[in-house]
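Below is one structure; the comments refer to it alone.
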């Protein structure tokens, strides 16, 4: 395990065996992500679990390599991440426009958006990966997993300790998650209480993966998320719930206000921060495109061998040609979808404007999502917040052409068209949110970018083929909450319901723009503070991280700042050691293990849930009053014990 890039020239990389294995893992991970996303509104990053499974399988072959493992995790992670398209497509069933998911229409929609996401991110790799100091927590974690898995074969002492650290934390995270699913200890804790005239809540999930994410993203992002959390739960929610009548169900009041008001304010903050982020990274993006053009010129001059292997992207001509060529199938998809609605009466100008929107919004969203993933990781990036901005743009475009609040039938057709357009843009968002993490992993293990980018395209295609039948199966078995005829066991599909409601609000004329404006104002203030801190040389306050803290539920954010503080304290200790770089890398591996263990168990548990048709298939007891304090005690003790053990591993001289 070294901090330098491995020497990988001539090592097998994009192999048929790796592609097949990636495709098989895709089937499992994508199905699990679709189910969990519709059930609880969350998906899990699949790159690290895929890397672990790939290493276990390819180790059976004497010719398995670190780069082949990297290709497998790239394919599987692309497909697994693309399953976030479920945050949009079920909206078409919820509003009654679709009764199911037409296979080829759905598959081509998912595939075209995903492939565009891969193409847009090619020049972004140079701007946001090789030319940036963004932490990319999951990309770094996946690279460390691959390095430890490959290096442990050589029996090096450093790798042995690294492997011990990652295995210990992974087993601890998985074991804690298993015990929590039995309900002997709590998975999360929440309390609701009056604050002033209103009400609010304090909540957390006992997730070691969030501790690991916090360690990896660092103190600046952790503090920014905590400030966003305070803005939301100490400021906005108590204010928006006031006056809360005596005897009211506080959990219902707080939950409703957060989901219908506070999150829209957070979306406004994310929107302003996203635009500002795009303006700031515009220079590096242009530089990345110039660098890609220069590399292409070198290749055309017959000097491809002069390019370092880690600088060989897909040629920029192929990238631009693919983006241009993709407009034809997208136009055809839009025309097919618009049949029978008002757009079919005059399709050319509307579809033309839609294509322009997909092109421009795609560039913006790819850049912003790539930056967010680099800042905090693909798992914790508020991708549904980007979906909110995308559907707002698509709906406003149609409202400008057709107006809002008109005939009910026309309005429903326009809402459906806005959702379908958003699905294409969202495909770009989901892939951009993930594949820069994969390309960061590739950079750290010495992979060839163009081979990894081709693997990403294959992953998109595999995912696009798998997702529609899984959606159809779940729709037939359970249905979606809010859809006509949905039963008591209908899947909530929370993001799809929210995004559909937004499209209805814009095109029906009843959206509360004041909430978006408040969030935008908060974003402007945070940007000013962040720039002032930067000029003063102080700890920065990333505006997007503040927006994420406002938008995401506290249960998903509270432990990230805690992990950031733990990681900061550990890194300060590491700097005082005889081998500070090794000690710091050991901390990265410990944090990685937390993510690995919980992610792998997430895959297994999704399969158990789907197989048993039970929300709590591992539950041994009912809910009890001692489950929460016991969880707090065990969680804190395990974290403290692991970091104490880590110091022992990291401080001993290497033999």
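So between residue 16 and residue 242, what do we pick up on full extension, going 0.36 nm a residue minus the alpha carbon distance?
My answer for the length gained is 75.3 nm.
Expressed as a whole percent, how much of the Cα-Cα distance distribution for segment 427-573 exceeds 21 Å?
71
Once label points are set 7 Å from the Cα along Cα→Cβ at both residue 335 and residue 24, what is their separation, rounded to one decimal in nm?
Roughly 4.2 nm, to one decimal.
For segment 562-655, what is the largest minus smallest coordinate of the Cα atoms on each principal axis, given in angstrom and ordered from greatest to least?
For segment 562-655, the Cα spread along each principal axis is 53, 29, 24 Å.
Across segment 500-649, how large is the tail of the calculated P(r) beyond 23 Å, expressed as a percent of all Cα pairs?
Numbers: 7138 of 11175 pairs.
Above the 23 Å cut-off, segment 500-649 has 64 percent of its Cα pairs.
What order, most packed first, do the peptides 632-639, 216-223 have when packing is the mean number of other Cβ atoms within 10 Å of each residue?
Those peptides, ordered most packed to least, come out 216-223, 632-639.
State, to one decimal in nm, how far the label point of residue 348 lies from the label point of residue 538, with both points 7 Å from Cα in the Cβ direction.
5.9
Can you figure out the FRET efficiency of residue 230 with residue 407, using R₀ = 35 Å and their beta-carbon distance, to the nearest 0.05?
It comes out at approximately 0.20.
If you take the beta carbon distance between residue 103 and residue 484 as r and set R0 to 22 Å, what does 1/(1 + (r/R0)^6) give as a FRET efficiency, to the nearest 0.05?
Plugging the Cβ-Cβ distance into 1/(1 + (r/R0)^6) gives 0.55.
Please give the FRET efficiency for residue 645 paired with residue 565, using the beta carbon to beta carbon distance and R0 = 22 Å, rounded to the nearest 0.05.
0.70
What's the extension gain from residue 400 to residue 528 if we count 0.36 nm per residue and subtract their Cα-Cα distance?
42.9 nm
Going 7 Å from the Cα of residue 322 in the Cα-to-Cβ direction, what parts of segment 94-118 have a backbone nitrogen less than 19 Å from that spot?
Of the residues in segment 94-118, 107-118 have backbone N under 19 Å from the label point off residue 322.
Can you give the direction-averaged projected area of the convex hull of the alpha-carbon atoms in the chain, in nm²?
29.0
Go ahead and estimate [θ] at 222 nm for the chain from helices alone: -39,500 (n - 2.57) per DSSP H run with n ≥ 4, summed, over the residue count, rounded to 500.
Taking each H run of at least 4 residues, the total per residue is -24000 deg cm²/dmol.
Using 0.36 nm times the number of residues separating residue 259 and residue 472, minus their current alpha carbon distance, what extension gain do you get?
Length difference between fully extended and current span is 74.0 nm.
Find the Cα radius of gyration of segment 47-113, compare it with 2.2 N^0.38 Å by division, and give the number to two decimals.
Normalised Cα radius of gyration, segment 47-113: 1.56.
Kirkwood Rh, segment 195-271, all Cα pairs: how many Å?
Across segment 195-271, the inverse of the average 1/r is 13.8 Å.
For the residue pair residue 202 and residue 182, what label-to-label distance in nm results when each label sits 7 Å from Cα along the Cα-to-beta-carbon direction?
2.9
No value in this document is a laboratory result; all are computed from the given coordinates. Predicted model, so just to flag it, every value in this text is computed and none were measured. Every residue, glycine among them, receives a Cβ derived from its backbone with ideal geometry; neighbour counts consider all protein chains shown.
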